[in-house]
Each structure stands twice: as C-alpha cells, then as structure tokens.
Amino acid sequence: MKMPKEVNRYCPKCKKKTKHKVIQVKSGKKRGKLTIGARRYEAKIKGYGGFPRPKPENSKKWGVKLTKKVDLRYKCSECGKMHIRKQGFRIKKLELVGAR
Ligand SMILES: [Zn+2]
C-alpha cells in the first residue's frame, strides 16, 4: 500500500488543520535477559514438558495472521507535536511516497 509522506490533519494543539509528516514506527529490538516466562516457554518449545509448540508461520489453519498492523504517527509541521493514529490497520507492506 502506498501512502503520501505528508497529509493535512487536524492538530489539537494548533487547533486547526496543518500539514503533518507521516512516520512509520518500527518495533524496537529485544534487549537483555528474557523474562522467566519467556525462558520457560523457550525450554518447552525445545521439547521439554510437552504441549505448547510454536505455531507455523503463514498458516491459515492455525489462525496465524498473515499481516501486521502498522503504527503510524503524524508530526505537525507547525508545532512539531506528534499525534498517533488510534486504530492501526493490517497491511503487508507500507510505502511512503513523496508529493505527487
Ligand atoms: Zn500543531
């Protein structure tokens, strides 16, 4: 899906419609130690203790989603404040294109 890099949106701080820069937020890296629950889960999926096993990726049978929700933010060009989009939507790939 293609989206424009800049959109006109209402800014609650400026109290009018201004130009907003569209920013896609990418999920951060996992750092440091795993939590105890995560460690137990790791051990289980390696084959200790039975039942929970990883669901196969890209499988409709297991109800695994094929797409991910995007996290879009809008930065006001006048006051520089960031606004988030309340409802994310599912797409495979997002492309930010320049002004037409
Ligand atoms: Zn603003």
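Couple of notes before you dig in:
- Leading residue by the ranking (surrounded by the fewest Cβ atoms within 10 Å (Cβ to Cβ)) among those in the stretch 71-89 that are modelled with pLDDT of 85 or more and under 11 Å from the mean Cα position of the chain (by Cα): R73
- One residue stands out among those in the stretch 1-17 that are within 15 Å of R73 (Cβ to Cβ) and open to solvent by less than 60 Å² (accessible area, probe 1.4 Å): the one that is farthest from the ligand (Cβ to nearest atom), which is M3.
- Test: residue in the stretch 56-63 that is modelled with pLDDT of 75 or more and in a loop (DSSP other than H, G, I, E, B): no
- Some residue of the stretch 23-30 being in contact with a strand residue (DSSP E or B) (Cβ under 7 Å, 6 or more places away or on another chain), at pLDDT 70 or above, part of a loop (DSSP other than H, G, I, E, B) and surrounded by 12 or more Cβ atoms within 10 Å (Cβ to Cβ): no
The values are calculated or read from the model by the stated rules, or taken from the named source; none is laboratory data. Keep in mind the model is a prediction, meaning the values are calculated, not measured. Reconstructed Cβ throughout: ideal geometry from the backbone, glycine too, with neighbour counts over all protein chains shown. When the accessible area is computed, the model is the full protein with side chains, heavy atoms only, and any ligands, DNA or RNA have been set aside. Shrake-Rupley method; radii C 1.70, N 1.55, O 1.52, S 1.80 Å.
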